[in-house]
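The values are calculated or read from the model by the stated rules, or taken from the named source; none is laboratory data. Note that this is a predicted model, so its numbers are computed, not measured. Every residue, glycine among them, receives a Cβ derived from its backbone with ideal geometry; neighbour counts consider all protein chains shown. Heavy atoms of the whole protein, side chains included, go into the accessibility calculation; ligands, DNA and RNA do not. Shrake-Rupley method; radii C 1.70, N 1.55, O 1.52, S 1.80 Å.
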Amino acid sequence: MNSPQSSLSSTSAPSVPDTRRTRRRVALSSAAVLALAVPLGVCGTSAQAQADAGAGRLLAAGSGSAFVAGLGMEQWNTQNVAPGVRVSTVTLQNQGSAPFWTVTLEQPVTSKVTLGPARAEVESESWARTTAAQLAAHGFTARVEAVRWPGYSDTPRGLMGYRVRVGEFPSSGAAATELSAITAAGFAAITEWTGYDAQTPADRENIHVAVIARGAFHGTVEATHDGNVAQRATTSSVAAQLGSLVGVNGGFFVTSNADGVQGTQSGLGAYDGQVQSLSSGDRAALVVKNDGKGGYQIANLTSTASVRSGTAAFAVEGVNRVPGIVRDCGRPDATPTTHPEQDVDCYETNDLVQFTPEFAAPLPTGAGTQAVLDASGKVLSVGARGGAVPAGGTVLQGIGTAAAWLNAHAVVGQRLKVNERIVDSTTGCAVRLGPNDSIVSAAPRLLRDGRIAIDAADEGVVDPQDLSFNYQWANARQPRTIAGVDARGDLILVTVDGRLTAGSEGFTLYEEAEFMRSLGAVQALNLDGGGSTAMAVDGRLVNNTSDATGERPVGDTIQVLP
């Protein structure tokens, strides 16, 4: 989700109803949750041994957990889009939940991540009690609420902190009136819908689930940037152009010129076997092998690259991005942090970036040096940055010491060799790409071997030491797009509407994991969400996107093709 980001589109149910009903656990995948989806390209242990070990762990742990308490029997409508491809739609409603609008106080702070001014709505008990007393002195009746940590695998357990709220309002307008009075009294605050709170049961969730059965489906599945990594296009327009059966949005991407080139990925991306962007730290990714015919892998991946001239080499820290700007951070030598941090720009003063033929936009300009290479790697020219990538060729741009290296080693008529390496950080093994392989990355991982394992802090979508940073992104309900793999190797793609589009509130990260487990997924990751969340069936948008301007143009997408 590129920052917590409406026009309504069709939400009519698919035309073929499914009269089967479900309570809490929904088995849209035909597989039992008793075996591990075998990772691809893993070294050191046989695939069968890994599957047996995974099955043993899951049997010991028991089956999945209930998704949302209080939900009754819901009607799923299922459409068989093609042999082996079905899309199911449901609206989950909880009549016992009664969320409302309220005013939440915020504490001005300095972000430990961005080092700039920020606001935090969860703070210490002393701050909460003091703020509530100050509000009372101005005639406002405040309540102090304890907030607990979600069940992430890498953050503290128990109490997160306290927040202060005023009022229970039937509409956002009524809450806004109270907000005006509170801010006029000198307090920092916002209006919020309590249906976004993790501790309040959601009262409505509009969900679409696509299952691509690996054994029964004879088409292809691929991640795609539609031929140009430097453009943005809506999921449904790409799906219509390609004749896609099902399409969903993919990974995180640049949305502002201040952060780089719009449309380029801010994490690892590969299409048709070619790396088109490098990883932002150790983050989750979906690997589609041989257009889906070779199966699917969800793993935490890192990537490195280097350019070599004879015996001299230099690290390449980016592919198809503006030199010096690293969206979502996570690269060596970046400042202020080398750790991945969602929706944060980091910077490098000595930076070497490769541009591929799929970068169909003007090259970045500015200080530094660029070398233009032909398809064989032979240097055609060395000079100032700018222009365009030649057909079939590549361009290297360097700033700082990287520019000096190019000036010393990029010689017209001689060859430079760029090598890339992708590594599964769990196994330590290289992920080798074939010509029909693709990768979409985002964050965080949700399920590992059938168990909820949300490494939110490690993947940089929440910072336990800075509750101003991405608190809403990670801990509140948002529109979400999710990918998972079940024990049979079937691919599961899910969207849930949020931000009250058609009344739907969205999922928290933990609810995503619970829901995917209830479907039978054993591996799952969170893809880009918020206003990017979109699913198209037969080229037509079927979910309600949350941006006021309608469906958002995105970077890459995942398309299921006949």
- prompt: Which option, (1) 145; (2) 222; (3) 384, is the value of volume of the Cα convex hull per residue in Å³ that was calculated from these coordinates?
  reply: (1)
- prompt: What is the distance, in nm, between label points placed 7 Å from the Cα along the Cα-to-Cβ direction at Gln262 and at Ala548?
  reply: 1.7 nm
Packing-based order for 243-249, 362-368, using average beta carbon neighbours within 10 Å, highest first: 243-249, 362-368
message: Quick check: the distance between the Cα centres of segment 285-354 and segment 458-475, to the nearest angstrom?
response: 22 Å
message: Using a 1.4 Å probe on the protein heavy atoms, what percent of the accessible area of segment 392-448 belongs to carbon and sulfur?
response: 49 percent
- prompt: Once you sort the root eigenvalues of the Cα gyration tensor of segment 319-457 as a ≥ b ≥ c, which label holds: rounded (a/c under 1.5), prolate (a/b larger than b/c) or oblate (the other case)?
  reply: prolate
field: Global form of segment 186-279, assessed from the alpha-carbon gyration tensor, a/c cut-off 1.5
entry: oblate
- request: Take peptides 387-400, 222-235, 265-278 and line them up by average Cβ neighbours within 10 Å, highest first, as a rough protection proxy.
  value: 265-278, 222-235, 387-400
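Could you order the peptides 153-160, 293-300, 526-533 from most to least packed, using the average number of other C-beta atoms within 10 Å per residue?
On the way: 153-160: 13.2, 293-300: 21.4, 526-533: 29.4.
Put in order of decreasing packing, that is 526-533, 293-300, 153-160.
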field: Whether segment 491-562 is rounded, prolate or oblate, judged on the alpha carbon gyration tensor where a/c under 1.5 counts as rounded
entry: oblate
query: For the chain, what does -39500 (n - 2.57) per DSSP helix run (n ≥ 4), summed and divided by total residues, give at 222 nm, in deg cm²/dmol to the nearest 500?
result: -4000 deg cm²/dmol
Eligible aspartates and glutamates near Lys289 by straight Cα distance, threshold 20 Å, same-chain separation 8 or greater: Glu222, Asp226, Asp272, Glu420, Asp424, Asp437, Asp449, Asp486, Asp490, Asp556
Cα centroid of segment 255-270 to Cα centroid of segment 177-228, whole Å: 21 Å
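With every protein chain present, what is the per residue accessible area of the chain (1.4 Å probe, Å²)?
Computed with neighbouring chains in place, this is 36 Å² per residue.
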task: Give me the distance in nm between label points sitting 7 Å out from Cα along the Cα-to-Cβ direction at Thr220 and Arg119, one decimal.
output: 4.9 nm
query: Under a plain spin-label model, where a point goes 7 Å from the Cα along Cα-to-Cβ, how far apart in nm are Val144 and Val411?
result: 7.3 nm
message: Give the aspartates and glutamates reachable from Lys417 as a straight Cα distance under 16 Å; neighbours fewer than 8 places away on the same chain don't count.
response: Glu317, Asp374
message: Rounded to whole Å, give me the distance from the Cα center of segment 108-158 to that of segment 520-538.
response: 31 Å
